[in-house]
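Below is one structure, written out as structure tokens; the observations come after it.
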Amino acid sequence: MILLSTSSLQGYWLHRIFDFANKWWYDGLDLALNKSNHDLWDEDYIKFLSDSFNIPVLSITAPARWMSEKKVDKLVSMAWKLGTQIISFSPPHISDKNMTWFTKYLLKVKRDTHLSISIQNIAPKFMFFIIPEYKNTTLFEIKKVTWDTTLDLSSIDSTSGFDILKAQKLLWSSVKNIFFSDKRGSNNGILPWWAWGGISYLPLESFFMKLKTSWYNWFITLKVKPSELWAWNEERVIQNLEYVKNYYKKHFLNFK
């Protein structure tokens, strides 16, 4: 199933994002929460939009910072209200004073709710070039937290010895969602069509074909920078969403 992350169209009202997803037959939305857009936290309003456009919110992505057990409970409450199947969390930030929400609480929530509580990989970031901003971020470490993961393709650091094919092989059956975009050097979150000859910079085509032959049956989510979809131009947004949907069909859905 292909989902559309609300972060890919940040700047649009939420009802417009549901409308875009509905018109181009995306299977659902990933609700990417942040501190600035309060509508994203209003589950009654979101449920109304979901029912109105017949587009389910199948995935929720938690904010990358300032998490707590109380906020985890809020996300679980939203998930139950919306019929969400997956909640993705980032590893704790160095500024988080209490990390028990990550080290202990998430596994308890998974056991109690039977939701997929997935940990997503993030690109290595450092303060003063030596202090990691986020803890427990390697693919080996995120897999061990709840044994559910979300694979963000643009955050794979090829200098670590992993490309996206090796990352998928390592995480294997733990992967419940894939944040899909292309990447060229430090320029990530781009659409998979700017490379020479129309081939992605990452081996996306091979990656999707490998997924299909491995019987992957969870979610693939379009998560790109809004500028990639030309979010200020509705006509271009529509063209780009159609392009991505066809790309997904060609390299994954209809691949034999």
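The values are calculated or read from the model by the stated rules, or taken from the named source; none is laboratory data. These figures come from a predicted structure and were not determined experimentally. Here Cβ is always computed from backbone atoms with ideal geometry, including for glycine, and neighbour counts include all displayed protein chains.
Close contacts from segment 214-242, counting a first residue that is over 19 Å from Q10 (Cβ atoms) and a second that is among the aliphatic types (A, V, I, L, M) and surrounded by 13 or more Cβ atoms within 10 Å (Cβ to Cβ), with Cβ to Cβ under 6 Å and a gap of 6+ residues or different chains, come to F219/M1; F219/L3; I220/I2; I220/I178. Within segment 166-189, residues that are over 14 Å from F207 (Cα atoms) have Cβ atoms under 7 Å from residues that are modelled with pLDDT under 85 and among the hydroxyl-bearing types (S, T, Y) in these pairs: R184/Y201, counting only partners at least 6 apart in sequence or on another chain. Take the conditions among the hydrophobic types (A, V, I, L, M, F, W, C) and under 19 Å from S155 (Cβ atoms) and apply them to L75. Does it pass? In short, no.
Looking across segment 81-94 at every residue that is of a type in the set (S, T, N, Q) and at pLDDT 95 or above, the one that is surrounded by the fewest Cβ atoms within 10 Å (Cβ to Cβ) is identified as Q85. On the stretch given as segment 106-120, residues that are part of a helix (DSSP H, G or I) and buried (at least 18 other Cβ atoms within 10 Å of the Cβ) total 3. For segment 95-109, check the following and say yes or no: at least one residue is at pLDDT below 90 and under 26 Å from G28 (Cβ atoms). Scanning segment 95-109, I find no residue that is at pLDDT below 90 and under 26 Å from G28 (Cβ atoms), so the answer is no. Among the conditions (1) surrounded by 14 or more Cβ atoms within 10 Å (Cβ to Cβ); (2) part of a helix (DSSP H, G or I), F48 misses just one, which is (1). Within segment 137-145, not a single residue is part of a strand (DSSP E or B), of a type in the set (D, E), surrounded by 12 or more Cβ atoms within 10 Å (Cβ to Cβ) and modelled with pLDDT of 85 or more.
Restricted to segment 31-73, and to residues there that are small (G, A, S) and within 19 Å of S7 (Cα to Cα), the residue that is modelled with the lowest pLDDT is S36. Just wondering, is there one or more residues in segment 53-74 that are within 30 Å of E242 (Cβ to Cβ) and part of a helix (DSSP H, G or I)? For segment 53-74, residues within 30 Å of E242 (Cβ to Cβ) and part of a helix (DSSP H, G or I): present. Taken over segment 148-170, residues that are modelled with pLDDT of 85 or more, hydrophobic (A, V, I, L, M, F, W, C) and more than 17 Å from the chain's Cα centre (by Cα) amount to 2. Within segment 136-150, residues that are over 15 Å from Y105 (Cα atoms) sit with their Cβ atoms under 7 Å from residues that are assigned to a loop (DSSP other than H, G, I, E, B), at 6+ positions apart or across chains, in these pairs: N136/P91; T137/P91; T137/N121; T137/I122; T137/P124; L139/N121; L139/F162.
Looking only at segment 12-28, which residues are touching a residue at least 24 places away in the same chain (Cβ under 8 Å), under 25 Å from K74 (Cα atoms) and either in contact with a helix residue (DSSP H, G or I) (Cβ under 6 Å, 6 or more places away or on another chain) or among the basic types (K, R) (or both)? Across segment 12-28, the qualifying residues are L14, H15, F18. Among the residues of segment 23-45, the ones that are of a type outside the set (F, W, Y), assigned to a helix (DSSP H, G or I), more than 16 Å from the chain's Cα centre (by Cα) and surrounded by 14 or more Cβ atoms within 10 Å (Cβ to Cβ) come to 1 in all.
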